Amino acid sequence: MALKVYTTSWCGPCKRLKSQLTREGIAYQEINIETDPSAAKFVESVNGGNQLVPTVVLEDGTALANPSVMHLKGLLARSGA
(Lines give C-alpha, C1' and ligand atoms only; values in the text may rest on other atoms or scores of the structure.)
Protein backbone atom coordinates (compact mmCIF):
# COMPACT_ATOMS: atom_id res chain seq x y z
CA MET A 1 0.00 0.00 0.00
CA ALA A 2 1.23 3.49 -0.81
CA LEU A 3 1.78 6.22 1.71
CA LYS A 4 -0.98 8.80 1.89
CA VAL A 5 0.35 12.34 1.53
CA TYR A 6 -2.10 15.09 2.43
CA THR A 7 -1.22 18.31 0.61
CA THR A 8 -2.40 21.63 -0.79
CA SER A 9 -1.64 23.08 -4.21
CA TRP A 10 0.41 25.98 -2.80
CA CYS A 11 2.51 24.08 -0.24
CA GLY A 12 6.26 24.30 -0.92
CA PRO A 13 7.24 21.59 1.59
CA CYS A 14 4.59 19.33 0.00
CA LYS A 15 6.12 19.78 -3.45
CA ARG A 16 9.59 19.08 -2.07
CA LEU A 17 8.49 15.91 -0.24
CA LYS A 18 6.59 14.57 -3.27
CA SER A 19 9.65 15.16 -5.46
CA GLN A 20 11.90 13.37 -2.97
CA LEU A 21 9.51 10.43 -2.62
CA THR A 22 9.39 10.06 -6.40
CA ARG A 23 13.19 10.26 -6.63
CA GLU A 24 13.52 7.55 -3.98
CA GLY A 25 10.96 5.33 -5.71
CA ILE A 26 8.52 5.46 -2.81
CA ALA A 27 4.90 5.15 -3.94
CA TYR A 28 2.36 7.55 -2.48
CA GLN A 29 -1.23 8.64 -2.88
CA GLU A 30 -1.67 12.42 -2.90
CA ILE A 31 -4.80 13.82 -1.26
CA ASN A 32 -5.48 17.56 -1.60
CA ILE A 33 -7.18 18.88 1.53
CA GLU A 34 -8.40 21.97 -0.35
CA THR A 35 -10.65 19.87 -2.58
CA ASP A 36 -11.55 17.11 -0.10
CA PRO A 37 -13.31 18.39 3.03
CA SER A 38 -13.19 15.00 4.75
CA ALA A 39 -9.42 14.89 4.20
CA ALA A 40 -9.08 18.37 5.71
CA LYS A 41 -11.01 17.23 8.79
CA PHE A 42 -8.82 14.12 9.06
CA VAL A 43 -5.63 16.23 8.92
CA GLU A 44 -7.04 18.48 11.63
CA SER A 45 -7.90 15.44 13.77
CA VAL A 46 -4.33 14.10 13.73
CA ASN A 47 -2.64 17.52 14.13
CA GLY A 48 -4.33 19.02 17.17
CA GLY A 49 -6.96 20.88 15.15
CA ASN A 50 -4.46 22.34 12.66
CA GLN A 51 -4.32 21.81 8.92
CA LEU A 52 -0.61 20.97 8.76
CA VAL A 53 0.71 19.85 5.38
CA PRO A 54 2.31 17.75 4.28
CA THR A 55 0.80 15.19 6.61
CA VAL A 56 1.87 11.65 5.77
CA VAL A 57 -0.02 8.55 6.91
CA LEU A 58 1.76 5.21 6.99
CA GLU A 59 0.10 1.86 6.34
CA ASP A 60 -0.24 1.26 10.11
CA GLY A 61 -2.14 4.55 10.51
CA THR A 62 0.75 6.55 11.97
CA ALA A 63 0.41 10.20 10.96
CA LEU A 64 3.44 12.47 10.62
CA ALA A 65 3.44 16.21 9.94
CA ASN A 66 6.13 17.41 7.53
CA PRO A 67 8.45 14.40 7.85
CA SER A 68 11.75 14.20 6.01
CA VAL A 69 12.14 11.64 3.26
CA MET A 70 15.01 10.08 5.24
CA HIS A 71 12.74 9.63 8.26
CA LEU A 72 10.10 8.00 6.08
CA LYS A 73 12.67 5.71 4.44
CA GLY A 74 13.80 4.56 7.88
CA LEU A 75 10.27 3.88 9.05
CA LEU A 76 9.44 2.00 5.86
CA ALA A 77 12.62 -0.08 6.12
CA ARG A 78 11.80 -1.05 9.72
CA SER A 79 8.24 -2.00 8.77
CA GLY A 80 9.41 -4.08 5.83
CA ALA A 81 7.45 -1.99 3.33
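The values are calculated or read from the model by the stated rules, or taken from the named source; none is laboratory data. The structure displayed is predicted, hence computed values, not measured ones. Every residue, glycine as well, gets a Cβ built from its backbone with ideal geometry; the counts of neighbours run over all protein chains shown.
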Practice task
Could you list all residues from region 37-56 that are outside any helix (DSSP H, G or I) and at negative phi?
Solution key: Asn47, Asn50, Gln51, Leu52, Val53, Pro54, Thr55, Val56
Problem - Glu59 vs. criteria modelled with pLDDT under 95, of a type in the set (D, E, K, R) and not in a helix (DSSP H, G or I) - result: yes
Exercise for the section: Out of the residues in region 7-59 that are within 20 Å of His71 (Cβ to Cβ) and among the basic types (Lys, Arg), state the one that is surrounded by the most Cβ atoms within 10 Å (Cβ to Cβ). Expected result: Lys18
Problem - Test result for Glu34, acidic (Asp, Glu) and assigned to a loop (DSSP other than H, G, I, E, B) - result: yes
Problem - Test: Thr22 is β-branched (Val, Ile, Thr) and without any contact (Cβ under 8 Å) to a residue 24 or more places away in the chain - result: yes
Completion exercise
Checked against (1) assigned to a loop (DSSP other than H, G, I, E, B); (2) surrounded by 12 or more Cβ atoms within 10 Å (Cβ to Cβ), Lys4 satisfies every condition except (1)
Practice task
Give me the pairs, please: first residue somewhere in region 61-81 and within 13 Å of Leu21 (Cα to Cα), second residue anywhere and part of a loop (DSSP other than H, G, I, E, B) and of a type in the set (Asp, Glu), beta-carbon distance under 7 Å, and either six or more positions apart or on two chains.
Solution key: Val69/Glu24; Lys73/Glu24
